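Peer 1: Attaching a single structure in structure tokens format; questions to follow.
Bear in mind these aren't lab numbers, they're just calculated from the coordinates by the rules spelled out. This one's a predicted model, so the numbers in the text were calculated from it and none came from an experiment. Positions of Cβ are generated from backbone atoms using ideal geometry, with glycine treated the same way; all protein chains shown enter the neighbour counts.
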Amino acid sequence: MQQPMIKVGTIYYHNITIADAPQMIKGRVRLYQENLFLEMEQTPIEERQGIKQWLSILQPVQTPYFITLFEKIKQGNFLPSTNGVQDVNHFFMLQYETPIQVFDTDQLSTPITIQEVLYKNTIAPITTQTTNITQVFYLPPSLSLTNAEALLQAAAKMFTQINGGEFIISLKEDTL
């Protein structure tokens, strides 16, 4: 069976500042979670378009990290605010229904694997001293390259509005 082509978007952020998320972002993320909670009372997690697509592609043995966020919210366990980086990253995973992870670029010693993005959230963890971040998006085959580029641009702009810094975007197609 041929592996599907996914889009791998990588955003490299430089000179960011990690601090508490602004109250506006905390409120927006909380409201988004509350809306998801209400939606998931009517529609099972597995029926959400993005999650359904990823489950059919991955056929995972274990639950990918981004799906566990939805499971927590469905149980009424809303995600607490951590900092501007993590809060925005969680928001992106929930909004786009796709695997996304952030890593401290300066702590990465080996290339990032798909398993690390799907199942782990502790590879090269960020700290308040982190100033350079690598954010990896796995985007589904159904998303065109044009739309994938637009999504990454919008995400990077929002990220830097909250955390400062500059960004460089890389986008390629790859198999799982």
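Peer 1: Let me make sure I get this right: for segment 1-64, a, b and c are the square roots of the gyration tensor eigenvalues over alpha carbons, sorted descending. Under 1.5 in a/c it's rounded, otherwise prolate if a/b > b/c, else oblate. Which is it?
Peer 2: Oblate, since a/c reaches 1.5 and b/c is not below a/b.
Peer 1: How far is it, in nm, from the label point at residue 38 to the one at residue 20 when both lie 7 Å from their Cα along the line to the Cβ?
Peer 2: 2.8
Peer 1: If you place +1 on the Cβ of every Lys and Arg, -1 on the Cβ of every Asp and Glu, and leave all else neutral, what size is the dipole of segment 1-70 about its Cα centre, to the nearest 20 Debye?
Peer 2: Taking the Cα centre of segment 1-70 as origin, the dipole is about 240 debye.
Peer 1: Continuing with the same structure: Going through the DSSP H helices of the chain, which span 20 Å or more along their own axis at the Cα atoms while scoring at least -0.5 as a mean Kyte-Doolittle hydropathy?
Peer 2: Helix filter hits for the chain: 145-163.
Peer 1: Please report how many Lys pairs in segment 1-156 have alpha carbons closer than 26 angstrom, counting only residues at least 8 apart along the chain or sitting on separate chains.
Peer 2: Going through segment 1-156 pair by pair, I get 10.
Peer 1: Then there's this: What FRET efficiency comes out for the pair residue 12/residue 175, r = Cβ-Cβ distance, R0 = 22 Å, nearest 0.05?
Peer 2: Calculated transfer efficiency: 0.45.
Peer 1: Taking a cut-off of 14 Å between Cα atoms, list the aspartates and glutamates near residue 172, but don't count ones fewer than 8 places away on the same chain.
Peer 2: 149
Peer 1: To continue, here is another question. Going by the alpha-carbon gyration tensor, a ≥ b ≥ c the square roots of its eigenvalues, is segment 5-175 rounded (a/c under 1.5) or, if a/c is not under 1.5, prolate (a/b greater than b/c) versus oblate?
Peer 2: Taking the square roots of the gyration eigenvalues as a ≥ b ≥ c, segment 5-175 is oblate.
Peer 1: Sorting 24, 93 on the 10 Å Cβ count, fewest up front, what's the list?
Peer 2: 24, 93
Peer 1: I'd like the distance between the alpha-carbon centres of segment 144-176 and segment 1-61, rounded to an integer number of Å.
Peer 2: About 14 Å separates the Cα centre of segment 144-176 from the one of segment 1-61.
Peer 1: For the chain, with only Lys/Arg (+1) and Asp/Glu (-1) charged at the beta-carbon, what is the dipole magnitude about the Cα centre, in debye rounded to 20?
Peer 2: Here the size comes out at about 120 debye.
Peer 1: Please report, in whole Å, how far the alpha carbons of segment 37-118 spread along each principal axis, starting with the longest.
Peer 2: Sorted from largest, the Cα extents of segment 37-118 read 43, 30, 18 Å.
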